[in-house]
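Q: Just passing along the structure, written as structure tokens.
The values are calculated or read from the model by the stated rules, or taken from the named source; none is laboratory data. Since the structure is predicted, the reported quantities are computational estimates derived from the model, not experimental observations. We place every Cβ from the backbone using ideal geometry, glycine too, and count neighbours over all the protein chains shown.
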Amino acid sequence: MTDHRYPWLYEAAQKNLNRILEHANAPRFNHECGDCLDDEDYRACIQFEHQLRSTPVGWRKGETPAWLNNFADQSKASVPIYRQKAALTRDFSEFPTTNRQEMASAPWSFVPDDQSLDKLMVYFTSGSTGKHMDVLSHPVVSNKFLVLMRHVLRKQGIELDAGPDQMAMALVCAQSSTYTYASVSRYLKGSAFVKLNLNPKEWRQPQDMGAFLNDVQPQIISGDPISLAELARLDLKLLPRALISTAMTLSPALCQQLSERFLCPVIDVYSMNESRLMAVADDKGLRWVAPDCFVEIFAEHDEPVQHGEWGEITITSNRNPLSPLIRYRTGDFGRLSFADSVVRIIDFQGRPPVVFRVGQRVINNIEIAVGLRAFPLLEYGLHQQQDGGFVLKVRAEASAIKDASTCLQSMGISPLKIEPLLDLPNKKLIQFSTDLKQKNVALSYDPLAPP
């Protein structure tokens, strides 16, 4: 196989790929995917690896990275959306924000005039809202995710072995349907990668799922809290070096359960399709680990908040050659914390604030999210109906659902109807929503401050 998916493929890597595709217990793979990594992009990945080893990540309060102003100038000159919106700006500090709606409606406007489309890749994403959006991307973006993830693992004392006899990573899903495939990585010297669906319908025989995973023994297993919890439920003899949780909020209770089940660290990451991995959770918040991404917090209007105030997470990143981002509103919320040059996002909330009404009181959704952190809920969505009642759609064990219901009712969330989620998910669940007219809440509002 020497097509565009694998410009580099050599015999040993081809054998590793065939080993997975032809495995007696392999699932019904329904897609083909390669890393598309040519010589130029491979060198860019190795350069990024050297940068991570030699350059400190982060900046001090009030400072900006050295690359920022030059990147802003280049983007204003060559990227249609910045040429239009930032025509009168003198430097980065005067740039207006951009947002997901602008990218969804005109993704081409983020593409630099001088950027070749020969390596164009299109990713579908639904974000936290469930709405369709196409992200124009480049092979170097997904491959730099591997570089950065390997660096994060090394920082925690976990080495990812590379070579054409290795299974580096398995991305597991638990969905009614999704793309599944096997691939090999040039950056990881021919190591294999698989995307799997834990839905039994995707496997030829009931015993194949366990037999396949027990045999290939992926070093790293990645997924969202739903799929990782489903993996933990299965009778498998897996010995991963780490689990990586992404895409949804991972509760501390579930994190502990997963770590105890698989006897390895669970790494919760902050990532999105537009730029991929940016931060990793620790005991103080989300620690920024991406040297090619800068983060700010913005209020509802185009003004950065004061230091320590809460607002919308807004990023600037030069990682994606086909969608460079300048002050791009993520739709996620939090506040910045600085410890010397270590940057963290604290009080993170992965969607816009929602205010619920209970009689004459209002309850911010973050108060509810904080209250539910103690319970191993895989997925939940709380909705307030027009009549004032609440519906909690939740995926969890019965005991956890009961505890969560008791917690919500103690906060005044009543009357409360519980709808357990039993089927495999086929779309993202919106975590907080309401039919009632929203009370105006400034994005710099501090939801965790005492009244």
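Q: What residue, among those in the range 324-373 that are part of a loop (DSSP other than H, G, I, E, B) and over 17 Å from the mean Cα position of the chain (by Cα), is modelled with the highest pLDDT?
A: Going through the qualifying residues, I end up with Pro324.
Q: Applying the selection to the range 306-323, what residues are touching a Phe, Trp or Tyr at 6+ places or on another chain (Cβ under 7 Å) and either buried (at least 22 other Cβ atoms within 10 Å of the Cβ) or not in a loop (DSSP other than H, G, I, E, B) (or both)?
A: Listed by number, the residues that qualify are Trp310, Gly311, Glu312, Ile313, Thr314, Ile315, Thr316, Ser323.
Q: In the range 239-246, is there at least one residue being surrounded by fewer than 20 Cβ atoms within 10 Å (Cβ to Cβ) and aliphatic (A, V, I, L, M)?
A: Looking for residues that are surrounded by fewer than 20 Cβ atoms within 10 Å (Cβ to Cβ) and aliphatic (A, V, I, L, M), one finds at least one in the range 239-246, hence yes.
Q: Take Glu32 and decide whether it is under 23 Å from Ser137 (Cβ atoms) and among the acidic types (Asp, Glu).
A: For Glu32, the condition - under 23 Å from Ser137 (Cβ atoms) and among the acidic types (Asp, Glu) - is met.
Q: Let me ask another. Can you tell me which residue within the range 181-212, out of those that are in contact with a Lys or Arg (Cβ under 9 Å, 6 or more places away or on another chain) and hydrophobic (A, V, I, L, M, F, W, C), is surrounded by the most Cβ atoms within 10 Å (Cβ to Cβ)?
A: Here the answer is Ala182.
Q: State all residues of the range 419-438 that are outside any loop (DSSP other than H, G, I, E, B) and either more than 23 Å from the chain's Cα centre (by Cα) or at pLDDT below 75 (or both); if no residue qualifies, say none.
A: If the condition is that a residue be outside any loop (DSSP other than H, G, I, E, B) and either more than 23 Å from the chain's Cα centre (by Cα) or at pLDDT below 75 (or both), then Glu419, Pro420, Thr434 are the ones that fit.
Q: Restricting to the range 254-270, name every residue that is within 18 Å of the chain's Cα centre (by Cα) and among the hydroxyl-bearing types (Ser, Thr, Tyr).
A: Listed by number, the list holds a single entry, Tyr270.
Q: It is to be established whether one or more residues within the range 179-199 are more than 24 Å from the chain's Cα centre (by Cα), outside any loop (DSSP other than H, G, I, E, B) and either over 20 Å from Ala247 (Cβ atoms) or not assigned by TED's automatic domain parsing to the domain that holds Leu153 (or both).
A: Looking through the range 179-199, none of the residues is more than 24 Å from the chain's Cα centre (by Cα), outside any loop (DSSP other than H, G, I, E, B) and either over 20 Å from Ala247 (Cβ atoms) or not assigned by TED's automatic domain parsing to the domain that holds Leu153 (or both).
Q: Please find, among Ser116, Ser93, the residue that is assigned to a helix (DSSP H, G or I) and out of contact with any Cys (no Cβ under 6 Å at 6 or more places or on another chain).
A: Residue meeting the stated conditions: Ser93.
Q: Filter the range 282-305 for residues that are outside any strand (DSSP E or B) and out of contact with any Phe, Trp or Tyr (no Cβ under 7 Å at 6 or more places or on another chain) and give the result.
A: If the condition is that a residue be outside any strand (DSSP E or B) and out of contact with any Phe, Trp or Tyr (no Cβ under 7 Å at 6 or more places or on another chain), then Asp283, Lys284, Val289, Ala290, Pro291, Asp292, Ala299, Glu300, His301, Asp302, Glu303 are the ones that fit.
Q: What are the pairs with Cβ atoms under 9 angstrom where one residue, in the range 217-243, is modelled with pLDDT of 95 or more and the other, located anywhere, is in a helix (DSSP H, G or I) and small (Gly, Ala, Ser)? Sequence gap at least six, or different chains.
A: Filtered contacts from the range 217-243: Leu243/Ser259.
Q: OK, next. Among the listed residues Leu153, Leu88, Leu136, Leu68, which satisfies the condition of being touching a helix residue (DSSP H, G or I) at 6+ places or on another chain (Cβ under 9 Å) and under 27 Å from Ala339 (Cα atoms)?
A: Leu68
Q: If the requirement is being of a type outside the set (Ser, Thr, Tyr) and within 20 Å of Glu94 (Cα to Cα), which of these qualifies: Glu274, Glu303?
A: It is Glu303.
Q: Tell me which of these Ser410 doesn't satisfy, since it passes every other one: (1) touching a strand residue (DSSP E or B) at 6+ places or on another chain (Cβ under 9 Å); (2) polar (S, T, N, Q); (3) closer than 16 Å to Asn364 by Cα.
A: Of everything listed in (1) touching a strand residue (DSSP E or B) at 6+ places or on another chain (Cβ under 9 Å); (2) polar (S, T, N, Q); (3) closer than 16 Å to Asn364 by Cα, Ser410 misses just condition (1).
Q: Could you run through the range 135-164 and say how many residues are touching a residue at least 60 places away in the same chain (Cβ under 8 Å), over 16 Å from Arg43 (Cα atoms) and touching a strand residue (DSSP E or B) at 6+ places or on another chain (Cβ under 8 Å)?
A: 10
Q: Can you work out which of the residues in the range 18-69 that are among the basic types (Lys, Arg) and within 21 Å of Phe145 (Cα to Cα) is farthest from the chain's Cα centre (by Cα)?
A: Among them, the one singled out is Arg43.
Q: For the range 87-108, check the following and say yes or no: at least one residue is out of contact with any strand residue (DSSP E or B) (no Cβ under 9 Å at 6 or more places or on another chain), under 28 Å from Glu40 (Cα atoms), of a type in the set (Ser, Thr, Tyr) and at pLDDT below 95.
A: For the range 87-108, residues out of contact with any strand residue (DSSP E or B) (no Cβ under 9 Å at 6 or more places or on another chain), under 28 Å from Glu40 (Cα atoms), of a type in the set (Ser, Thr, Tyr) and at pLDDT below 95: absent.
Q: Output the residues belonging to the range 54-84 that are closer than 20 Å to Ile297 by Cβ and in contact with a Pro (Cβ under 7 Å, 6 or more places away or on another chain).
A: Val57, Trp59
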